[in-house]
Amino acid sequence: MNRKQGIGLLALFWSLLACAATAQAEGLPIKSPLVRDVCGTCHRVDSEQRLSRISYIRKTPEGWEETIKRMVRLHKLQIAPADARQVVQYLADNQGLTASELEKISYALEFREQTEEIPNDAVKAACATCHSYAKIAAQRRSREEWFKLKDFLLAVFPTIVYQHRQIDWPRTADEALAWLADQYPLETPEWRREKGQPPPGAGRWLVIGHQPGKGDYAGTLRVTNTADGDRQTQTSVEFADGTKMNSSGKGRWFGGYAWRGSAEWQDGRKAREVMHLSADGKILRGRWFILEHAELGTEEVRYRIDEGQARLAAVFPRAVKRGATVTLTIYGANLPDVMKSGALNLGDGITIEKINEATAEKIVVQAKVSPGAKIGLRDVRAGAVPGAGLLAVYDAVDYIRVSPQSVMARVGGERYPKKFAQFEAHAFSKGADGVAGSADDLDLGPVKASWKLGEAFTSYDDNDLLFVGSIDQNGLFTPAVEGPNPARRRSTNNAGDVWVEASYTPEGASQELKSRAFLLVSVPVYRMTLIP
Ligand code: HEC
Ligand code: HEC
């Protein structure tokens, strides 16, 4: 950038800053003296303690963090790290998103792989070309603030118009921003309904999760308060295969609904937790993943136990075979004393032979499944507490399926992190209708399959199989290193595409079942952002 352009850019930024303060009816007052002091050197404070620009936007904690990082990078804001954390905390607490607003974009914050549905064509064409739609839908702004994004983008990316020469970018951006201003104003009905909710305090939670490659787990988590507003967590869980695991960690609420935590598991894994609370404050859903490797993660649900509500949350194993004698573990919260009352019902055709253990959170029983028990998902019940569709009865494993069905991994390990891919094979029953692939098919849970890679013939003679990486017998694909590979034709890098093939022989069966998934091994993401 030459000097003249630099000055032009500065002038544009100052005009971007200045005009917002004038006569806007809405806008959120900023009560934190720290935020007013640190940001007020450039952002004008008005008589109602509103700061230009800042008071007219709501964002996620990651969104605020990203903006403040830009203030430092582009505008030379000077701020101590501890102050920056407090500013993010204040803004996320007071100008964040509510439960219902977060629910729609939580997939991006939790790094869940998901194909986005973009409800507006102009937004799709003018905005979702560089980043996700979620990055946009994770903000609420006054109309004026939405339209300021156009100038901002033009200033920071002067090539944006040429990059989008297939459309008339300035006009399409206006259309997109007009739609966004209608769709995502600063004040929404959800905001009016759900704002100001204090986050949950200390207490106990029931935890149910599924870790790909390892299976279903359940347990409890205890949260205690610390003096500095952090929360400490102690979790102990049990997997469906009987393995037990503990973790301890800490975390923080941002606003009433966004939980950000970190935990260290007994086996040394360090996890980051990104979870979001339901509007009624009782269910916390989200994902935790290995630090630096969001792709290696686990979906988890936490139910508040102290709230007094009784619930049945899971039965392990989740499927039982006709004619079998099984030990079932039922997890829930505030369960009635079924040992005393005997009021436990697993549906017609399953007889409880013995209750081995019964607490308010866990019931272990020995049960017999009759050979004629009805095939399909069934409800279980402890006293008056219902558990809809928690247990399946099947007669045979009819097929297996690898999940995910297609995924992208990335070479790395030298200058950029590798992006791994964890696969899992689930056994399925055709269900009562005997037709594979129909709606009543039963997912019987993960099985221990054998794994290998196979060539996918999309380009001729590229021998991807030799270069892209390897898969272990737990379904974990580890990609090769990045950079040109002299051993490859034209010294190309180790990217490529392959099939991931699972095979499994069910107990007592003579024939092996197979399934495969498509794996694209791509180059690293060269620019890391907080929100993709
Ligand atoms: C040194 C001057 C300076 C300081 C100090 C400063 N900003 Fe900014 N800020 C700017 C400029 C210039 C812009 C417009 C360009 C841009 O968006 O990057 C801006 C824009 C913004 C925006 C609107 C951007 C958007 O589209 O969301 C927000 C929000 C913001 N600043 C927050 C803050 C916060 C919070 C602080 C205090 C931690 C702060 N700023 C401190 C200069 C500053
Ligand atoms: C040329 C690529 C590109 C296009 C096209 C683009 N963006 Fe962005 N956008 C970015 C980048 C890069 C950032 C991150 C800026 C930073 O480092 O803070 C960003 C940030 C944002 C942010 C967060 C800003 C903040 O400070 O909170 C919003 C909101 C946003 N874009 C909306 C849009 C909308 C709406 C459109 C379409 C009108 C759009 N973007 C088009 C590249 C793009």
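Among the residues of the range 187-197, are any open to solvent by less than 30 Å² (accessible area, probe 1.4 Å) and assigned to a strand (DSSP E or B)?
No.
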Problem set entry | Check on residue 84, surrounded by fewer than 21 Cβ atoms within 10 Å (Cβ to Cβ), away from ligand 1 (no atom under 13 Å from the Cβ) and either in a helix (DSSP H, G or I) or touching a residue at least 24 places away in the same chain (Cβ under 8 Å) (or both) | no
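Only residues that are among the β-branched types (Val, Ile, Thr) and within 16 Å of ligand 1 (Cβ to nearest atom): list them for the range 124-146, please.
Within the range 124-146, 136 is the sole residue that qualifies.
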For this session: Tell me, please, whether a residue that is within 8 Å of ligand 2 (Cβ to nearest atom), farther than 19 Å from residue 408 by Cβ and not assigned by TED's automatic domain parsing to the domain that holds residue 284 can be found in the range 124-134.
Result: yes
Exercise. Being open to solvent by less than 20 Å² (accessible area, probe 1.4 Å), more than 15 Å from residue 317 (Cβ to Cβ) and either assigned by TED's automatic domain parsing to the domain that holds residue 439 or in a strand (DSSP E or B) (or both), is that true of even one residue in the range 390-403?
Worked result: yes
Exercise. So how many residues does the range 103-131 have that are under 24 Å from residue 193 (Cα atoms) and crowded, with 23+ Cβ neighbours inside 10 Å?
Worked result: 2
For this session: Answer yes or no: is there a residue in the range 148-160 that is of a type in the set (S, T, N, Q), open to solvent by less than 30 Å² (accessible area, probe 1.4 Å) and outside the structural domain of residue 273 (by TED's automatic domain parsing).
Result: no
Exercise. Taking residue 101 and the conditions (1) more than 19 Å from residue 27 (Cβ to Cβ); (2) modelled with pLDDT of 95 or more; (3) more than 16 Å from ligand 1 (Cβ to nearest atom), which numbered condition does it fall short on, given that it satisfies the others?
Worked result: (1)
Problem set entry | Cross-chain or 6+ apart pairs with Cβ under 6 Å, the range 54-77 first and closer than 18 Å to residue 101 by Cβ and outside the structural domain of residue 106 (by TED's automatic domain parsing), then away from ligand 2 (no atom under 11 Å from the Cβ) and open to solvent by less than 40 Å² (accessible area, probe 1.4 Å) | none
For this session: Look at the range 138-165 and say how many of its residues are more than 27 Å from residue 189 (Cβ to Cβ), near ligand 2 (Cβ under 8 Å from one of its atoms) and not in a helix (DSSP H, G or I).
Result: 3
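The values are calculated or read from the model by the stated rules, or taken from the named source; none is laboratory data. Quick caveat: nothing in here was measured; it's all calculated off a predicted structure. Heads up, the Cβs are rebuilt from the backbone with ideal geometry, glycines too, and the neighbour counts pull from every protein chain shown. Note: areas computed on protein heavy atoms with side chains; ligands, DNA, RNA excluded. Shrake-Rupley method; radii C 1.70, N 1.55, O 1.52, S 1.80 Å.
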